[in-house]
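Student: Let me give you the structure first, and then I'll get to my questions.
All of the numbers you see were taken from the coordinates with simple rules; none came from a lab. Here the structure is a predicted model, which means the values were calculated and not measured. Note: ideal-geometry Cβ built from the backbone for every residue, glycine included; neighbour counts use all protein chains shown.
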Amino acid sequence: MNTPLQGVAPLTHTGLIRAQGADAAKFLHGQLTTDFSLLGLSEARLAGFCNAKGRLQASFIGFKRSHTDILLLCSPDLLTTTLKRMGMFVLRAQVKLVDASADFVVYGLAGPAVAEATQAIADENGQVWRKADLNGISIIHLYPADGVPRALWVAPVGTPAPAGAPLTAEQWAWGEVRSGIATVTHPIFEAFVPQMLNYESVGGVNFKKGCYPGQEVVARSQFRGTLKRRAYLAHADVELKAGEELFAPDDASQPCGLVVQAALAPEGGFDAIVSMQISAFEAGGVRALAADGPLLKLEAAPYPLLADV
């Protein structure tokens, strides 16, 4: 695909939660869907924060600046609520949770800008969720968008910006959608278990770790064959927004899914990540907003699902 996804985008609206203390990794390990106790300093994690019913209240890209200092990047519209709820579980743990959004700068790198930045840090292979560090700068390799490499660049405030052609926040948002890796935002708060967003297939769920809120529901969905919804890519000629309902042609009364995340497409219309009934995807003819609403062009997620590997 001929894509404008090349350059450096300032991500000024990224939320960051900082966990510091001797028990920081252990605490997050017991709250999130992935393994933070064994997380190395050269890797990052996609992670979900669930309620007791296994429904996602937030999602993060998390990494360790040190063994006692962890950053969690999240949607800013859920940061305050998440920080408050997570803080209720601290009790006697030696960990301090704070909103660190104003303490760090975050950039999105796409295309040649990734190679330029990582060469300076001698990153070895660019694998997804790998992390490299130099002088306080952390670079996290993300899933590509239509084959274009992408990464996050995170550093303390005052650090000079990375080199590269300018990329708008809107272009970056489109690349996020095309990568198929969804971020939980307020419009989809508690709407999905992690597998409905394919999180188990992209490193966002560890089924071997200990308990966390909602763990039993998440595990049961995986191992009892009860999962009936998945995340897909979609395109429409009209604007799509997170939280909007989707309808199959044979049922005008009950939605078959929701828009998870959407962005303006460079060549017109809107691209989106949608989560819907597997049967509706296979049948086709799904429309947004109403049974007679805009027709969606659907395609499978751009990575293999765990069940198919």
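Student: Going by C-beta contacts inside 10 Å, put F27, F60 in order with the fewest on the left. It would help to have the intermediate numbers written out before the result.
Tutor: Details: F27 23, F60 28.
So the residues, fewest neighbours to most, are F27, F60.
Student: Also, quick follow-up: For D146 and D99, compute 0.36 nm times the residue count separating them, minus their Cα-Cα distance, and round to one decimal in nm. It would help to have the intermediate numbers written out before the result.
Tutor: Numbers: separation 47, 0.36 × 47 = 16.92 nm, distance 3.31 nm.
Contour length minus the Cα-Cα distance gives 13.6 nm.
Student: Let me ask you something else. Kindly identify region 197-246 as rounded, prolate or oblate by the Cα gyration tensor criterion: order the square roots of the eigenvalues as a ≥ b ≥ c, call it rounded if a/c is under 1.5, otherwise compare a/b with b/c, prolate if a/b is larger, else oblate. Kindly include the intermediate steps, with their values, before the conclusion.
Tutor: Working: a/c = 2.65, a/b = 2.42, b/c = 1.09.
Cα axes put region 197-246 in the prolate bin.
Student: Amide H to amide H under 5 Å from L142: which residues, 5+ apart in sequence or cross-chain, H placed 1.01 Å off N in plane?
Tutor: Hits under the 5 Å cutoff: W129, R150, A151, L152.
Student: ³J(HN,Hα) across region 91-104 via Karplus (A = 6.51, B = -1.76, C = 1.60, θ = phi - 60°), whole Hz, x for Gly/Pro?
Tutor: Ordered by residue, 3J(HN,Hα) equals 6, 9, 5, 7, 8, 10, 10, 9, 7, 10, 4, 8, 9, 9 Hz.
Student: Further question: With charges set only on the Cβ (+1 for Lys and Arg, -1 for Asp and Glu), what does the dipole of region 179-309 come to about its Cα centre, in debye to the nearest 20? Can you show the working numbers first?
Tutor: On the way: 10 positive and 15 negative charges, 132 e Å.
So the dipole magnitude of region 179-309 works out to roughly 640 debye.
Student: Could I ask something else about it? Once each part is reduced to its C-alpha centroid, what is the distance from region 10-62 to region 197-274 in angstrom?
Tutor: A separation of 20 Å, based on Cα centres.
Student: Taking the number of other C-beta atoms within 10 Å as the exposure measure, put D292, D271, D23, D146 in order starting with the fewest. Kindly include the intermediate steps, with their values, before the conclusion.
Tutor: Working: D292 10, D271 23, D23 18, D146 13.
Neighbour counts put them in this order, fewest first: D292, D146, D23, D271.
Student: Sticking with this one: Less than 16 Å apart at the alpha-carbon level, and either on another chain or at least 8 residues along: which aspartates and glutamates does that give for K209?
Tutor: Qualifying aspartates and glutamates at Cα under 16 Å: D35, E200.
Student: Over 27 Å between Cα atoms: which of K64/K241; K228/K297; K64/K208; K53/K131; K53/K208; K53/K297 fall into that group? Show your work: numbers first, answer last.
Tutor: On the way: K64/K241 33 Å; K228/K297 20 Å; K64/K208 21 Å; K53/K131 32 Å; K53/K208 19 Å; K53/K297 32 Å.
Where the Cα-Cα span goes over 27 Å, the pairs concerned are K64/K241; K53/K131; K53/K297.
Student: In terms of modelled amide H atoms, which long-range or inter-chain residues lie less than 5 Å from the amide H of V105?
Tutor: So V105 has HN proximity to A155, V157.
Student: Does the chain come out rounded, prolate or oblate by the C-alpha gyration tensor, with a ≥ b ≥ c the root eigenvalues, rounded set by a/c under 1.5 and, if not, prolate when a/b is larger than b/c and oblate if not? List each step's numbers first, then the result.
Tutor: Details: a/c = 1.85, a/b = 1.22, b/c = 1.52.
Since a/c reaches 1.5 but b/c is at least a/b, the shape of the chain is classed as oblate.
Student: Assuming a ≥ b ≥ c are the square roots of the Cα gyration tensor eigenvalues, decide whether region 206-309 counts as rounded (a/c under 1.5), prolate (otherwise, with a/b larger than b/c) or oblate.
Tutor: Details: a/c = 2.15, a/b = 1.72, b/c = 1.25.
Judged from the Cα gyration tensor, region 206-309 comes out prolate (a/c at least 1.5, a/b above b/c).
Student: First obtain the Kirkwood hydrodynamic radius of region 32-111 from its Cα pairs, then insert it into the Stokes-Einstein equation at 10 °C and 1.306 mPa s, and state the resulting D in µm² per second as a whole number. Provide the component values of the computation, followed by the final result.
Tutor: Numbers: Rh = 13.9 Å.
Once the numbers are plugged in, D ends up at 114 µm²/s.
Student: Search the structure for amide H atoms under 5 Å from the amide H of A191, placed 1.01 Å from N in the peptide plane, and list their residues when 5 or more places away or on another chain.
Tutor: Under 5 Å from the amide H of A191 lie the amide H atoms of L56, each far enough along the sequence or on another chain.
Student: Also, I was wondering about something else. What are the ³J(HN,Hα) couplings of region 188-203, residue after residue, when phi is run through the Karplus curve with 6.51, -1.76, 1.60 and θ = phi - 60°? Round to Hz, x for glycine and proline.
Tutor: The phi angles translate into 10, 4, 6, 8, 9, 7, x, 5, 5, 10, 6, 4, 5, 8, 10, x Hz.
Student: Got a sec to turn the phi values of region 14-25 into Karplus ³J(HN,Hα) couplings, 6.51 cos²θ - 1.76 cosθ + 1.60 with θ = phi - 60°, whole Hz, x for Gly and Pro?
Tutor: Per residue, the Karplus-derived 3J(HN,Hα) values read 7, x, 10, 9, 10, 10, 10, x, 4, 9, 4, 5 Hz.
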